[in-house]
Amino acid sequence: MFELAGRMTPLVTPFTDDGASIGEVRIARLVRFYAERGAEGFAIATDTGEFTTLTFAERKQVVEWVQRSCQGSLPLVVNASTLATSSSLDIAQHAARHGARAVLLMPPYYGQFSQAEHVEHVRVVSAYSKLPVVVVDAQELLQEDAKTNISHIPNVHMAWNAPNAPFVATDWFRCYSLIVDPLAGVPGSTEADFVLRNRAAVAKTLLLDSDLEVGKPRMPVQPIPYREIRSAA
């Protein structure tokens with residue numbers, strides 16, 4: 001049984017002004033901001049968290065710093081998607097050691113893999129991380145037989161579109177009563193804000209409305225001017 005429920009916030013990853021490292025103090029402020037406004041949990045290192053620009057060490061560091069700021073009061077789900085089963089398992093096991101309640105896992109998103117290889121990738125991460133695994137097929141790589149086989153793996157669950165989501169992504173999906181939603185992370189934002197633009201860049205710009213400095217997105221993504229978002233809203 002999948003026990004997580006609620007509307008979780010996919011966190012941006014705050015960087016220092018030069019983008020060279022993660023801002024520990026900025027993470028603490030961000031977590032406190034959401035906790036004071038009734039956040040129900042956090043999704044870490046999703047698309048909104050710019051996971052493809054983070055080193056594996058940085059992905060682990062974010063988990064540790066968010067958990068320390070939460071002090072165990074809010075559930076965390078951690079994106080463990082990588083191109084290698086061993087790397088995904090490493091991130092998932094680290095997440096388990098630091099109090100995460102579940103991991104998100106996309107099928108390897110670059111390369112040519114058989115459906116059986118996709119299924120085995122999920123099975124190994126689930127079996128050896130001991131955490132529930134939510135499979136997010138963002139690029140629709142899984143055929144129906146593979147989805148069926150994955151759904152039969154103990155403690156593994158397929159994600160599907162959240163009520164307001166035009167697609168499934170690591171930061172925008174539903175799994176039973178759990179909803180991860182970028183709109184939960186930016187007060188006053190709308191679906192239109194996030195559909196056609198990089199969600200990390202949008203979120204970082206709009207969070208300035210709440211006086212939250214979270215740094216720029218990492219290159220190659222460029223910051224989006226505030227007026228460009230609001231003029232199109």
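In this structure, does Ala184 turn out to be surrounded by fewer than 20 Cβ atoms within 10 Å (Cβ to Cβ), small (Gly, Ala, Ser) and in a helix (DSSP H, G or I)? Answer is no for this residue. Which residue pairs have Cβ atoms closer than 8 Å, lie 6 or more positions apart in sequence or on different chains, and pair a first residue in the stretch 55-80 that is assigned to a strand (DSSP E or B) with a second residue that is aromatic (Phe, Trp, Tyr) and crowded, with 23+ Cβ neighbours inside 10 Å? Sorted first by the residue in the stretch 55-80, then by its partner, the pairs are Leu76/Phe42; Val77/Phe42; Asn79/Phe51.
Just one of (1) among the small types (Gly, Ala, Ser); (2) surrounded by 17 or more Cβ atoms within 10 Å (Cβ to Cβ); (3) out of contact with any Pro (no Cβ under 7 Å at 6 or more places or on another chain); (4) modelled with pLDDT of 95 or more fails for Gly41. It is (3). Here the stretch 9-23 is the region considered, the condition is being hydrophobic (A, V, I, L, M, F, W, C) and closer than 12 Å to Met219 by Cβ, and the residue that is surrounded by the fewest Cβ atoms within 10 Å (Cβ to Cβ) is Ala20. For Val136, the conditions (1) surrounded by 23 or more Cβ atoms within 10 Å (Cβ to Cβ); (2) under 15 Å from Tyr226 (Cα atoms); (3) in contact with a Leu (Cβ under 7 Å, 6 or more places away or on another chain) are fulfilled apart from (2). The set of residues in the stretch 139-167 being surrounded by 20 or more Cβ atoms within 10 Å (Cβ to Cβ) and either of a type in the set (Ser, Thr, Tyr) or within 25 Å of Lys204 (Cβ to Cβ) (or both) consists of Ala159, Ala162, Ala165.
The values are calculated or read from the model by the stated rules, or taken from the named source; none is laboratory data. Since this is a predicted model, take the numbers as computed values, not measurements. Counting neighbours? That spans all protein chains shown, and the Cβs are built from the backbone with ideal geometry, glycine included.
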